[in-house]
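Just below is one structure, and these are the notes that go with it.
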Amino acid sequence: MKSNIDALLRARGQTRKDLAQWCRRTESWISKIMREDRREFPMQYFDRIADFFGIATYQLLQPGITPLTERRSKGTPRRSGKDRRISALRLLADAPPHLVVSLEPEEVARLQRIRLLNAADVQKLDELLREATRRPGRRGEANTKSHAERES
């Protein structure tokens, strides 16, 4: 908390004396607290100190206000701007054009329903698909039998 207070004072261009006056205490009071490790700010002053800085009381105790507790070096952005996750859209964007398949909305909906299935149901579905693809008359194949022949 002490390092946060010092960092906030530096950022605002104010002194410890200003903060002590806001808390209706003397400069020596705040100097003793800041100088000696065994001393801490009494809890009754937390609200006044937070009001002085215009922050919520809990923020006085949060790490990260001061660069000493910050993991990144000063001035470097937190994020690189590039997404490190591998998503389907990214894979499609990087894939050669002959490998990308366009799907109809109902096909996308069907795939989403498949993703909700448990392992046993997926296995049954795989078996049904293998069986269905062995039969003549699949989509994209030349249909050798007429509609009447298939129904008989």
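None of the figures in this text is laboratory data; all of them are computed from the coordinates on show. All of these numbers come straight from a predicted model, not from anything done at the bench. Note that each Cβ is placed from the backbone with ideal geometry, even for glycine, and that neighbours are counted across all protein chains shown.
Among 107-119, 5-17, 34-46, sorting by the average number of other beta carbon atoms lying within 10 angstrom of each residue, highest first, gives 5-17, 34-46, 107-119. Full extension of the segment from Ala132 to Glu27, taken as 0.36 nm per residue of separation minus the current Cα-Cα distance, would add 29.2 nm.
What does the charge count near Ile55 come to, summing +1 for each Lys or Arg and -1 for each Asp or Glu among other residues with Cβ under 13 Å from its Cβ?
Values: positive: Arg12, Arg48; negative: Asp47, Asp51.
In short, 0.
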